[in-house]
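Structure record follows, encoded as structure tokens.
What follows is calculated from the coordinates using simple rules that are stated; it is not laboratory data. Computed from a predicted structure; not experimentally measured. Virtual Cβ from ideal backbone geometry, glycine too; neighbours counted across all protein chains shown.
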Amino acid sequence: MTAPLDRRAWLRGALATTVSVLAAACDRVAGSPRVNSTLEGAETLTRSSHGLIVGRAALAREYPASAISPDFRANGTTNPDSEAYQALASGQFRDWRLEIGGLVDTPLSLSLADLQAAPARSQITRHDCVEGWSSIAQWRGARLGPLLQRARLKPQARYIAFFCADALELTLDGTGDYYETIAVADAFHPQTILAYEMNGRPLPVAHGAPIRLRLERQLGYKMAKYVMRIEAIADFSKLGRGKGGYWEDRGYQWYAGI
Ligand SMILES: Nc1nc2c(c(=O)[nH]1)N[C@H]1C(S)=C(S)[C@@H](COP(=O)(O)O)O[C@H]1N2
Ligand SMILES: [Mo]
């Protein structure tokens, strides 16, 4: 039992190191539209080196601006009806704060402006919904990895949980509230961002304002909209109905890799 666990911990460490080196390289070139060919180079590098360690660390395909869908679908909740959310939205989210807590040494409480000042990434990717439709958009947001580094994850942290402003199903015990969990390794993937911008404009309410998760190597339901709180956790058996997410609790796979 000990050996495989140690090996997994080692792999996680090795992966985190490789990912942060790559992420640093991305930082240097990010923000300029002229760096696309450099990024493609980085992608090739990622695929060849990371693919050997863990396939899921490879970058998702990125598209040219000409591929952006003129009519990106909005799915699931498109306007959370809680009074608290409506009040935040009517104030243009000036009073909104993203809490990052749980198994961290330094809990954070970030305004939208704080997030916009954090290390960012922009990407044009395809969103695949399990229901069988896809749309392409440009997303810009704060990279989750550096934020978690700032909060200083405790070693027991294995998953990152996202708690949203909406309930898709009304239940007395809160198990109808939208939430999601992802592996720590996936949170550090260079394309994992808390998006506050879609196609060059502030993220619309229908798509998750003020921020939504983009986790480009997985299916649409993993990409929590209306994120209010993020927690580092050791296991997800006590959240919702115990399967790691709103849709996972209703039968979808936890790891929705594409
Ligand atoms: N909070 C929240 N996040 C959510 C959902 C939702 O209903 N509520 N739906 C999920 C599903 S199934 C998909 S396909 C995408 C839809 O994102 P979109 O509205 O930007 O198309 O968000 C995902 N994240
Ligand atoms: Mo979906």
Rounded to whole Å, sorted largest first: equivalent-ellipsoid semi-axes of segment 168-258, Cα gyration tensor: 22, 17, 12
Residue 212 long-range amide H proximity, modeled H, under 5 Å: 195
Computed over segment 63-250, the relative contact order (Cα-Cα under 8 Å, seq sep at least six) in percent reads 25
Report the label-to-label distance for residue 65 and residue 116 in nanometres (one decimal), using points 7 Å from each Cα along the Cα→Cβ vector. 2.0
What ranking do 86-94, 248-256 get when scored by the average of other Cβ atoms within 10 Å per residue, highest first? 248-256, 86-94
Neighbouring Cβ atoms within 10 Å as the yardstick, rank 61, 97 fewest first. 61, 97
Rounded to one decimal in Å, the inverse mean reciprocal Cα-Cα distance for segment 63-250, i.e. its Kirkwood radius, is 16.6
Which ³J(HN,Hα) values, rounded to whole Hz and listed in residue order, are derived for segment 148-162 from phi using the Karplus coefficients 6.51, -1.76 and 1.60 in 6.51 cos²θ - 1.76 cosθ + 1.60 with θ = phi - 60°, glycine and proline given as x? 5, 5, 5, 6, 6, 4, 6, x, 6, 5, 10, 10, 10, 9, 10
Excluding residues fewer than 8 positions from residue 243 in its own chain, the lysines with Cα under 16 Å of it are 222
